[in-house]
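Written below as structure tokens is the structure these notes are about.
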Amino acid sequence: MDFAYAFSPQVEETKSETVVIDVAGCELLFGSAYQLANEVADRATKSRVDGGLGTKVNVAIAYNPDAAIHAATHLDGITFISPDEELTCLGEFPVSALDHSLVKLKRKQAEEIFETLRLWGVRTFRDFAALPIAGVAERLGPEGIQLQQLAGGKTERHLKLKQPAPVFANSIELEHALTELEPLSFIFARLLNQLCAALNAYAVATNELVVQMKLEDQTAHERRLTLPYPMRDHKVFLKLLLLDTEMHSPPAAVVAVSIACEPVKPRVLQNGLFIPLAPEPEKLELTLARLAKLVGQANIGSAELIDTHRPDAFQLKRFVLKNKSDIRRRRTVVNNSQSAIRNSQSLPGFRMFRPPLRAMVQVARGCPTQISAWDKQRSVHGKVISLAGPWRTTGDWWRNDRWARDEWDLALESASGIKKSEGYAKQHQVLYRVYRELSSGDWFVEGSYD
């Protein structure tokens, strides 16, 4: 197939060792049809490194593709069949040489027809084509008519073209090196328009763009744009690429640009009739790209817990839409955990203070007795009635940001914890989590228990 594509873009793979090439219009490149046949035969004898097959091939040129297949299969060398002269070349072939698969006839039916023709004394293609059509139709049916047309080279069909695998990549070499973003944006726009046109033609999208720029110093500058969902809007691609190029500009002048992508199925979303429309995902992605340009790529994303004992440790990862199976699995886990909580005894909830409140603590015999902390939104102060702790937690001793602290659970009786009801004062206790940094000795209120 690769060898045939070197002569024409329209190729039919008939069998494992037989291909049909539509040579209409190829005379502008190779001359006459006979010159083209000689070119095919000569190039096939060359090695595969030189673009050949490393073997001899039989070449036949005919107006009818089925006649050309029979001639190339049973005749050596180069064969040229003029229009309406098929029997001159194929007339002496035995009837058993008819390729019944060309008319989609089963082998058993073809063998029965060949046996009937043998009993009639019909031996060659010419004898079979000379039979009256009405008699063949009455005795052999429509299958016999198809085989008779095949023997006479009178079949009419289109080539079953085998399209090459689509390649979603475009490249361009520049006459002059570019150092500024504005002229480079026109090159990006041209390549992205072609790329998105190919994606639309095959009804696919992409979730990753690979941009490679060849620089003047013979090095390569490569950037990958990973998208959270498949899209194929060239305007969005261009804006994202320009923002990324501004943040990661090439170190030298650009002399060539190539853009490639891997096709994926487009995202199909069906909203309910009574569900309000959400913002367009393309606008959200552009907004995130602009924010990343301002605050840095590492500060944009969705929070993810880190597998560590460090308190309140998390990192930012790029937001990616999950598959439906992952969403169902996550919902199942959440539902199971919620049912376990409902079935268990009532557990206290913990309300984190972000950031934790810096506190002033009075200590007696290593235990806190009085605490006072406040900020613009809340205040915590009072006498410690009961306590539990301390629990020492440490980790990451090999890093500069190592952590070590003692944690306490404290029950306070504060002025705000006194409630007046029915004419008398009722004490109210509030439970807090406090900790002391071992390195600095500072105290903090981390949160309260509900």
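Which residue out of 67, 110 is buried (at least 16 other Cβ atoms within 10 Å of the Cβ) and more than 26 Å from residue 162 (Cα to Cα)? Write out each step before concluding.
Values: 67 fails: more than 26 Å from residue 162 (Cα to Cα).
One residue alone meets the criteria, 110.
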Practice prompt. Just give me the residues in the stretch 349-366 being touching a residue at least 40 places away in the same chain (Cβ under 8 Å) and not charged (D, E, K, R), in sequence order.
Written response: 349, 350, 352, 353, 356, 357, 359, 360, 361
Discussion item. Of the conditions (1) part of a strand (DSSP E or B); (2) modelled with pLDDT under 80, residue 383 satisfies every one except a single condition; which number is it?
Written reply: (2)
Discussion item. Here's a check for you: in the stretch 11-31, which residue that is in contact (Cβ under 8 Å) with a residue 12 or more places away in the chain and among the hydroxyl-bearing types (Ser, Thr, Tyr) is farthest from residue 56 (Cα to Cα)?
Written reply: 14
Worksheet item: Which of (1) within 28 Å of residue 3 (Cβ to Cβ); (2) without any contact (Cβ under 8 Å) to a residue 60 or more places away in the chain is the odd one out, the single condition residue 143 does not satisfy?
Response: (1)
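Residues that are among the β-branched types (Val, Ile, Thr) and exposed (fewer than 12 other Cβ atoms within 10 Å of the Cβ): does the stretch 45-55 have at least one? If you could, list the steps in order and put the result at the bottom.
First, pick out the residues of the stretch 45-55 that are among the β-branched types (Val, Ile, Thr): 45, 49, 55.
From what's left, exposed (fewer than 12 other Cβ atoms within 10 Å of the Cβ): 49, 55.
Yes: one or more hits.
Condition check ((1) part of a strand (DSSP E or B); (2) touching a helix residue (DSSP H, G or I) at 6+ places or on another chain (Cβ under 9 Å); (3) modelled with pLDDT of 80 or more) across all residues:
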{"position": "222", "(1), (2), (3)": "yes, no, yes"}
{"position": "240", "(1), (2), (3)": "no, yes, yes"}
{"position": "262", "(1), (2), (3)": "yes, no, yes"}
{"position": "268", "(1), (2), (3)": "no, no, no"}
{"position": "272", "(1), (2), (3)": "no, no, no"}
{"position": "277", "(1), (2), (3)": "no, no, no"}
{"position": "293", "(1), (2), (3)": "no, yes, no"}
Worksheet item: Does residue 156 satisfy being farther than 30 Å from residue 63 by Cα and of a type in the set (D, E, K, R)?
Response: no
Worksheet item: Is it true that some residue in the stretch 31-48 is touching a Leu at 6+ places or on another chain (Cβ under 8 Å), of a type in the set (A, V, I, L, M, F, W, C) and over 28 Å from residue 118 (Cα atoms)?
Response: yes
Worksheet item: in the same structural domain as residue 124 (by TED's automatic domain parsing), within 24 Å of residue 130 (Cβ to Cβ) and either out of contact with any helix residue (DSSP H, G or I) (no Cβ under 7 Å at 6 or more places or on another chain) or not β-branched (Val, Ile, Thr) (or both), is that true of residue 96?
Response: yes
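The values are calculated or read from the model by the stated rules, or taken from the named source; none is laboratory data. Every value quoted in this text rests on a predicted model; they were computed, and no experiment measured them. Methodologically, a virtual Cβ is constructed for each residue, glycine included, from the backbone with ideal geometry; neighbour enumeration extends over all protein chains shown.
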